[in-house]
Amino acid sequence: MPMSERFRSAISSYQALARGSKDGVNFNNTVYLSELDNGHRNYAIGYYLKSKGCLEGKVNLKETLELYFQMCSVETSVRTASIMAGALANGGRNVFTGEQVISERAVQNVLSIMFSCGMYDYSGEWAFEIGLPAKSGVSGLMILVIPDVMGVALWSPKLDSYGNSVRGVQFGRALVSRYSSQGSQNILHPFSNRRGSSAIMQNTFPPFPPHHGTDDIQVKPYSTLCRTVKPYSTLCRTVKSYSTLCRTVARGLRYMRR
């Protein structure tokens, strides 16, 4: 398949996953040109794999790397990323349109990769400590997926030594420690039991400590989280007020900033 068709196919899938967001999925040509100029390690790894016979003979390594750099140059908003994360949590089905964009089997493969290597060199410790599929980026964007429950997107540009969002990692720790969302049934066998078993599904959240201060975070973006989780009928039955869920998450983030 020509590279142009491969790129179109990938972007079309992204757009279908994100459908329902007014922000859309875009391409940043400046970032792409920068990746082309500075992707020396990627070229080195690619040619090393080719020299060891790890790539099929018909693979055009140059085109493949260029396509990879193009995929690294896709940009969107946190709101749109949360919808895409929600689709992954929903077995590949867009939470607004109900369209099955990618198969559940493909989603399981994606979540496995996110779980094992989605957080760069911190992935092993993340998997052991947090235990949720996640993907971070050097822009400071990070998504987390709790299969059959919800998808979360957050953005905080300060990075740690691994290239992950500092507050994103803190959020993951706070989420599993306070909400007990590290449900092995959902992680290992996603979409097999729509009722779930985590504290998030059972609506047994421990209360957050009261927040004191004036540096409130804007709560408005978390309305996206409400709309994202709303189509889950099980969650509809267990969580009575989505606005309460929004405020709870917002309070958690405020507490982390103290």
Flag if SER139 is open to solvent by less than 20 Å² (accessible area, probe 1.4 Å) and in contact (Cβ under 8 Å) with a residue 12 or more places away in the chain:
no
With the first residue restricted to region 158-169 and required to be under 13 Å from SER123 (Cβ atoms), and the second required to be in a loop (DSSP other than H, G, I, E, B) and charged (D, E, K, R), Cβ contacts under 9 Å at 6 or more apart or on different chains are VAL169/ASP160
For GLN15, work out the one condition from (1) open to solvent by 50 Å² or more (accessible area, probe 1.4 Å); (2) modelled with pLDDT of 90 or more; (3) more than 20 Å from ALA81 (Cβ to Cβ) it doesn't fulfil.
(3)
Residues of region 88-109 being outside any helix (DSSP H, G or I) and open to solvent by 60 Å² or more (accessible area, probe 1.4 Å), which ones?
ARG93, PHE96, THR97, GLU99, GLN100, SER103
State all residues of region 132-167 that are of a type in the set (Phe, Trp, Tyr) and assigned to a strand (DSSP E or B); if no residue qualifies, say none.
TRP155
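The values are calculated or read from the model by the stated rules, or taken from the named source; none is laboratory data. Everything quoted here is computed from the prediction, not taken from an experiment. As a convention, Cβ positions derive from the backbone with ideal geometry for all residues, glycine included, and neighbour counts pool all protein chains shown. We work out accessible area using only protein heavy atoms, side chains counted, and drop any ligands, DNA or RNA first. Shrake-Rupley method; radii C 1.70, N 1.55, O 1.52, S 1.80 Å.
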